[in-house]
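A short worksheet on the structure shown next.
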């Protein structure tokens, strides 16, 4: 799969997919639609695939899920929640890298607070700090967050072969 993504080879990716691969919650499915959307810059699916692949996978034995965190239980609302996508990511008191650090997070789940603006450099967040036994708040760079319900891939065995069964965002 990684080779198909790196080569931007829609035919190779479609060959790895189930015939009925789910692409959205409105009925969009199938290899032909996947190939069509891969060629549509409005979707930027190649970029989404690269991001998902970079985050690793998890398996329950029957289904393989990417990114790995999709299979984890959450304490936060999936639509307001995000995953901090790195190690030792600074959380600041204000939306300014020069402001005091109020925390350091590594792959934590957080809740976005306030109005979500994908164009903003910073996001206001709240997270559970087990060491302090309380919720904490601060600001983190948007580039360090990924929505829990952002694009993800699931694969399952079909006819004795692993097949991509969904490549979808939302819930």
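The values are calculated or read from the model by the stated rules, or taken from the named source; none is laboratory data. Only a predicted model underlies this, so the values are computations on that prediction, with no experimental measurement involved. Counting neighbours? That spans all protein chains shown, and the Cβs are built from the backbone with ideal geometry, glycine included.
A few points about this structure:
- Residue in the stretch 7-21 that is out of contact with any helix residue (DSSP H, G or I) (no Cβ under 7 Å at 6 or more places or on another chain) and crowded, with 17+ Cβ neighbours inside 10 Å present: yes
- Filter result (buried (at least 18 other Cβ atoms within 10 Å of the Cβ) and either assigned by TED's automatic domain parsing to the domain that holds residue 55 or over 26 Å from residue 167 (Cβ atoms) (or both)) within the stretch 91-110: 91, 92, 103, 105
- Residues satisfying the stated conditions in the stretch 102-115, i.e. free of Cβ contacts under 8 Å to residues at least 24 places away in the same chain and in contact with a strand residue (DSSP E or B) (Cβ under 8 Å, 6 or more places away or on another chain): 104, 106, 114
- Residue in the stretch 141-149 that is modelled with pLDDT of 90 or more, part of a strand (DSSP E or B) and more than 30 Å from residue 15 (Cβ to Cβ) present: yes
- Every residue from the stretch 47-62 that is touching a helix residue (DSSP H, G or I) at 6+ places or on another chain (Cβ under 9 Å), within 17 Å of residue 23 (Cα to Cα) and surrounded by fewer than 16 Cβ atoms within 10 Å (Cβ to Cβ): 50
- Meets criteria (closer than 30 Å to residue 29 by Cβ, at pLDDT 95 or above and in a strand (DSSP E or B)) for residue 156: yes
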